[in-house]
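The values are calculated or read from the model by the stated rules, or taken from the named source; none is laboratory data. Predicted, not measured: the structure shown is a model, and the values here were computed from it. With ideal geometry, Cβ positions are generated from the backbone for all residues, glycine too; neighbour counts draw on all protein chains shown. Ligands, DNA and RNA are stripped out before the accessible areas are found, and what is left, the full protein with its side chains, is counted by its heavy atoms. Shrake-Rupley method; radii C 1.70, N 1.55, O 1.52, S 1.80 Å.
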Amino acid sequence: DRLKTGSVIPVTPPPTSPATNHRLWPEIERMVEAQVMMAKMGIGECGSGWQLFAEDGEMKMYRREEEVDGMVVDPLKAVHVVKGITGHEVCHHFFSPQYRYDWETTLEHMTVLETISDDTLVFLQTHKRIWPASQRDGLFWSHIRKLPNEKDRDGPDIWTVVNNSTDHPDYPPNNGKCVRVFLTVCLLCQTTVDPPKEGMPLTRDNLSCKITYCSVVNPGGWAPASVLRAVYKREYPKFLKRFTAYVKNQTQSKPIMF
Ligand code: 18C
């Protein structure tokens, strides 16, 4: 019948996002899958060597001491539980450029170099200089995605943002005053709803969000290990506390975004 009418019904549906045609897409798919899998693993399951280096209420931060060519590249894994917000809200504020200067205290300048699609951007960021080291910049793609909640099909979706270093012909590394850092970051957020009593409305008091943040930053050029580890110890807890407080503040009087 198809042959008679001459119509051709495509076997595979067309891609839902134009990003799927982009040169970076295979890497984005691969990285998101791998990073989400790693982020979902508990500290015990990730292998040994994780040491707790910061703790504040529900927030726990672990690191593994690692060096590459004498440079500190310690992987970091942090878990936090924050009441009153959803995973979608957390990821939305982490991904979207319009909020970045509000919460990213290490930032000096940020530009979006490319909009691959609504959910995928390429950023160039310069960060504040730490004396006596050179100033750092980072060029990375950033992708936000909703993931199915396999354990609770009726429960809220899981959300993630993955950031990963890339290159751009117009912005080669180490070309000016900055040394280029290489980063891989994954933020994974899962919302839990504590159902309200019968007849009562669902409010932000019924929500809590489990946040997992994993990061590996290669400083890109030599920096004293002791200074670097001191910067880690100070900046990561500062970031996660400030960022989550910011999301709570931004969303408290807004409708819940599941
Ligand atoms: O994930 C985070 N932010 C995202 C959006 O911005 C994105 C960015 C990652 C930034 C990677 C770090 C870039 C280098 C920063 C230089 C340090 C400046 C400190 C200034 C203090 C006044 O994914 C949240 C990121 C939270 C950042 C925590 C700090 C990480 C430190 C890494 C050190 C890297 C090399 C520094 C070299 C100098 C050392 C003496």
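One table, with the values for the structure above:
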| item | result |
| --- | --- |
| When residues of region 185-202 are limited to those that are more than 16 Å from the ligand (Cβ to nearest atom) and among the hydrophobic types (A, V, I, L, M, F, W, C), the one most open to solvent (accessible area, probe 1.4 Å) | Met200 |
| Checking Thr106 against (1) in contact (Cβ under 8 Å) with a residue 60 or more places away in the chain; (2) on the phi > 0 side of the Ramachandran plot; (3) not hydrophobic (A, V, I, L, M, F, W, C), the condition it does not meet | (2) |
| Per-region count, region 203-243, residues under 21 Å from Thr184 (Cβ atoms), among the polar types (S, T, N, Q) and more than 7 Å from the ligand (Cβ to nearest atom) | 2 |
| Selection status of Tyr213, within 21 Å of Phe53 (Cα to Cα) and surrounded by 14 or more Cβ atoms within 10 Å (Cβ to Cβ) | yes |
| Single residue of region 131-150 satisfying the filter (part of a loop (DSSP other than H, G, I, E, B) and open to solvent by less than 70 Å² (accessible area, probe 1.4 Å)) that is nearest to Met31 (Cα to Cα) | Asn149 |
| Residue identified as over 17 Å from Val81 (Cβ atoms), touching a strand residue (DSSP E or B) at 6+ places or on another chain (Cβ under 6 Å), open to solvent by 90 Å² or more (accessible area, probe 1.4 Å) and in contact (Cβ under 8 Å) with a residue 12 or more places away in the chain among Phe258, Phe182 | Phe182 |
| Residues that are more than 11 Å from the ligand (Cβ to nearest atom) and acidic (Asp, Glu), drawn from region 117-161 | Asp118, Asp119, Glu150, Asp152, Asp154, Asp157 |
| Within region 82-104, considering residues that are outside any helix (DSSP H, G or I) and either under 16 Å from the mean Cα position of the chain (by Cα) or not β-branched (Val, Ile, Thr) (or both), the one nearest to the ligand (Cβ to nearest atom) | Glu104 |
